[in-house]
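Read the structure below first, then the notes.
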Amino acid sequence: MIHQEQWQQLVAKIAHHAPEDGRHNSPIDFLSFGRSSKPTSLAHIATWASFALVAQGQKALRMGDDVMHYGPGDLLLVTLDMPVQSCVVMATPEKPNLGVGITINEARLMRYLEHFPHHHVGTNSISERGITVHKVAPPLVDAVMRLIELLDQPQDITALAPLIEQEIFYRLLTGPEGPRILNMALTERPGNKVARAARWLRENFHQPLKMDQLASSVGMSISSLHHHFKAVTAMTPMQYQKQLRLNEARRLMLIEKLDAGTAGYRVGYQSASQFSREYSRFHGQSPARDVRMIAVGPEGFYPPQ
């Protein structure tokens with residue numbers, strides 16, 4: 001059980017480092033903050049391996065047909081990069097939605113697991129959703145708060161942030177989230193194979209999708225990849241690729257000012273009419289009307305490097 005005083009301290013720390021609405025990066029490369037003073041409509045975004053805490057307010061996330069709500073006391077765990085829809089459900093100027101995000105660096109996680117192989121024992125290898133909501137444990141909140149406090153002591157970040165990051169890995173792996181993280185990290189697990197397939201799709205979304213080649217590249221049959229991919233992402237590989245294409249096309253038109261035909265061709269569409277039809281179905285309006293009605297920065301469309 002998290003004490004109210006501890007949670008109010010977290011609210012104050014996030015408010016200090018996120019004084020205005022929007023996303024705020026920090027000098028610690030895997031730590032960021034978010035603030036919103038009003039509810040928002042569902043927006044297409046990209047997620048990456050990470051977890052998030054909402055200290056105040058409430059958010060919702062849609063993945064395929066699944067809708068998840070999370071707020072104070074919850075932990076949103078993302079074990080696979082994927083396109084989703086997200087919105088702020090509860091926020092006011094007086095009590096804004098305040099959140100903190102921790103990116104899970106897969107390379108550093110793997111190095112940690114090499115030194116602590118006992119975390120591998122007794123875990124299952126079934127495919128589970130790549131985004132889940134759990135109750136957050138007080139020790140994990142405590143580690144996150146100490147990480148945030150380092151921002152007030154910048155001279156200590158280089159020495160201490162990696163140690164707190166390892167503690168965060170430990171808290172995640174020994175909690176109810178552990179099996180899902182291992183399923184993502186360990187090469188022989190279905191979740192890891194799905195992650196590799198998803199990574200290929202992200203890096204090559206403009207190319208034609210050949211399921212036999214994709215399945216072979218990750219060591220699975222076509223039927224097995226299709227089954228596990230949908231179990232993890234709530235989408236088929238083709239739906240996943242389509243969302244990547246349409247989100248990137250939107251970014252190209254909004255940020256790089258490309259016209260619809262060029263953007264569609266750039267992301268892999270050979271037919272302008274097919275691109276316009278699928279874009280309208282996905283984003284709710286034609287490419288031209290969509291671009292006229294919204295203006296957003298690039299951070300909403302792809303994860304930081």
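Would you confirm whether any residue within region 211-229 is outside any helix (DSSP H, G or I), of a type in the set (V, I, T) and crowded, with 20+ Cβ neighbours inside 10 Å? Looking through region 211-229, at least one residue is outside any helix (DSSP H, G or I), of a type in the set (V, I, T) and crowded, with 20+ Cβ neighbours inside 10 Å.
Answer yes or no: is there a residue in region 158-174 that is acidic (D, E), over 19 Å from L31 (Cα atoms) and under 21 Å from the mean Cα position of the chain (by Cα). Quick ask: steps written out before the conclusion?
Just the residues of region 158-174 that are acidic (D, E), to begin with: 165, 167.
From the residues that got through so far, the ones that are over 19 Å from L31 (Cα atoms) too are none.
Checked against the condition, which is being acidic (D, E), over 19 Å from L31 (Cα atoms) and under 21 Å from the mean Cα position of the chain (by Cα), region 158-174 yields no hits at all.
Does A107 fit the bill of being assigned by TED's automatic domain parsing to the domain that holds I157, without any contact (Cβ under 8 Å) to a residue 40 or more places away in the chain and part of a strand (DSSP E or B)? Considered against the rule, which asks whether it is assigned by TED's automatic domain parsing to the domain that holds I157, without any contact (Cβ under 8 Å) to a residue 40 or more places away in the chain and part of a strand (DSSP E or B), A107 comes out as no. Of everything in region 266-284 that is part of a loop (DSSP other than H, G, I, E, B) and within 25 Å of the chain's Cα centre (by Cα), the residue that is modelled with the lowest pLDDT is G284. Here are some residues: K38, K13. Which one is in a loop (DSSP other than H, G, I, E, B) and either more than 21 Å from R250 (Cβ to Cβ) or within 15 Å of the chain's Cα centre (by Cα) (or both)? Only one candidate qualifies: K38.
Flag: A198 matches the condition of being part of a helix (DSSP H, G or I), in contact with a strand residue (DSSP E or B) (Cβ under 9 Å, 6 or more places away or on another chain), under 30 Å from G264 (Cβ atoms) and not assigned by TED's automatic domain parsing to the domain that holds R62. Annotation note: of Q213, Q166, the sole residue that is among the polar types (S, T, N, Q), closer than 29 Å to P138 by Cβ and modelled with pLDDT of 95 or more is Q166.
On the stretch given as region 32-60, residues that are touching a His at 6+ places or on another chain (Cβ under 9 Å) and either at pLDDT 95 or above or assigned by TED's automatic domain parsing to the domain that holds Q243 (or both) total 7. Of all residues in region 67-93, those that are within 20 Å of K38 (Cβ to Cβ) have Cβ atoms under 9 Å from Cβ atoms of residues that are among the aromatic types (F, W, Y) and not in a strand (DSSP E or B), 6 or more apart or on another chain, in P72/W7.
The values are calculated or read from the model by the stated rules, or taken from the named source; none is laboratory data. From a predicted model like this one, the values you see are computed outputs, not experimental measurements. Neighbour counts run over all protein chains shown; Cβ positions are idealised from the backbone, glycine included.
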